[in-house]
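Shown next, in structure tokens, is the structure this report addresses.
The values are calculated or read from the model by the stated rules, or taken from the named source; none is laboratory data. Small disclaimer: the values here were computed from a predicted structure and weren't measured. We place every Cβ from the backbone using ideal geometry, glycine too, and count neighbours over all the protein chains shown.
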Amino acid sequence: MRNIAVRTVFAQGREFIYTLERKMVKNMNLRIRRDGSIYVSANEFISDKEVDRFVGDKAAFIANAQDKFKKAAQREQRPEQYISGEMITLLGQEYILQVLRADKESVSIEGGYIHIAVKDVNDLGRKSRLIDNFINGQCWAVFGEMLYELYPPFEKYGVERPQLRIRDMKSRWGTCHVKKGIVTLNKRLLAAPRGAVEYVVLHELCHLIYPDHSKQFYDFLAAMMPDWKERKQLLNNT
């Protein structure tokens, strides 16, 4: 039976309710889920007060992560209208959308802006397709470049560079079909910081050597990318 408790900490003027699970781990671990809930794992030898103090010390980080998830949820609930002033996030950087009327349709990046030129600025369907094509192009360029740059260390293990596929997935950032040599990446990854995207690409490449999530897999991942846990946390906070 899992040893789980719900505890409350007050810090920096806010109330933080978190789930504490006692398990065989060396260090205390904290995770903020996409719904804003707080999960902490700690071994049974660490007192409740120590865990509370640990959570309190992370108050600023937790509040920032929860606020980001809340804003992201609000954006998902409010469909994009693709009007000037909306924000589009690419590799962790927010760009302001500027919609212009023009005979020649295009999408381009300049400074902190994404410019979309369209014949009818009120044609939501057309604007959506232009932006979607632009995002798809960015995904192929960015993910393809990362796969090309991160693959070489794997060549000595006798695995061929995998084929890249891009999909819009709801529950996974990436998958690896070992037998077919295919790495599939989630289109939504383009919004995450570059370091987080690199973590996902390398994670899937490591599955070419270790198909499961065994200890050997994580040891290999750590050897290839020593800071993978920090990058994963960055991804979780996207």
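What the table below lists for this structure:
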| read-out | value |
| --- | --- |
| Residue in region 94-105 that is within 21 Å of the chain's Cα centre (by Cα) and either loosely packed, with under 12 Cβ neighbours inside 10 Å or in the same structural domain as Asn29 (by TED's automatic domain parsing) (or both) present | yes |
| Every residue from region 167-196 that is more than 17 Å from His207 (Cβ to Cβ), touching a helix residue (DSSP H, G or I) at 6+ places or on another chain (Cβ under 8 Å) and of a type in the set (A, V, I, L, M) | Leu190, Ala192, Ala196 |
| Counted residues, region 106-122 - those being surrounded by 15 or more Cβ atoms within 10 Å (Cβ to Cβ) and in a strand (DSSP E or B) | 6 |
| Pairs where the first residue, in region 20-38, is under 23 Å from Lys68 (Cα atoms) and the second is surrounded by 15 or more Cβ atoms within 10 Å (Cβ to Cβ) and among the basic types (Lys, Arg), C-beta under 8 Å, 6+ apart | Leu20/Arg7; Leu30/Lys58; Ile38/Arg31 |
| Residues of region 24-46 classified as surrounded by 14 or more Cβ atoms within 10 Å (Cβ to Cβ) and part of a loop (DSSP other than H, G, I, E, B), total | 3 |
| Residue within region 186-199 that is exposed (fewer than 13 other Cβ atoms within 10 Å of the Cβ) and either farther than 17 Å from Cys139 by Cβ or touching a strand residue (DSSP E or B) at 6+ places or on another chain (Cβ under 8 Å) (or both) present | no |
| Boolean, Lys49 is more than 26 Å from Leu185 (Cβ to Cβ), charged (D, E, K, R) and assigned to a loop (DSSP other than H, G, I, E, B) | no |
| Selection count, region 75-105, where residues are in contact with a strand residue (DSSP E or B) (Cβ under 6 Å, 6 or more places away or on another chain), in a loop (DSSP other than H, G, I, E, B) and charged (D, E, K, R) | 2 |
| Those residues of region 149-177 which are farther than 20 Å from Ile135 by Cβ and of a type in the set (Ser, Thr, Tyr), in sequence order | Tyr151, Tyr157 |
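Okay, residues lined up against (1) over 16 Å from the mean Cα position of the chain (by Cα); (2) not acidic (Asp, Glu):
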| site | (1), (2) |
| --- | --- |
| Val121 | yes, yes |
| Trp140 | yes, yes |
| Pro153 | yes, yes |
| Arg161 | yes, yes |
| Ala196 | no, yes |
| Leu205 | yes, yes |
| Glu230 | no, no |
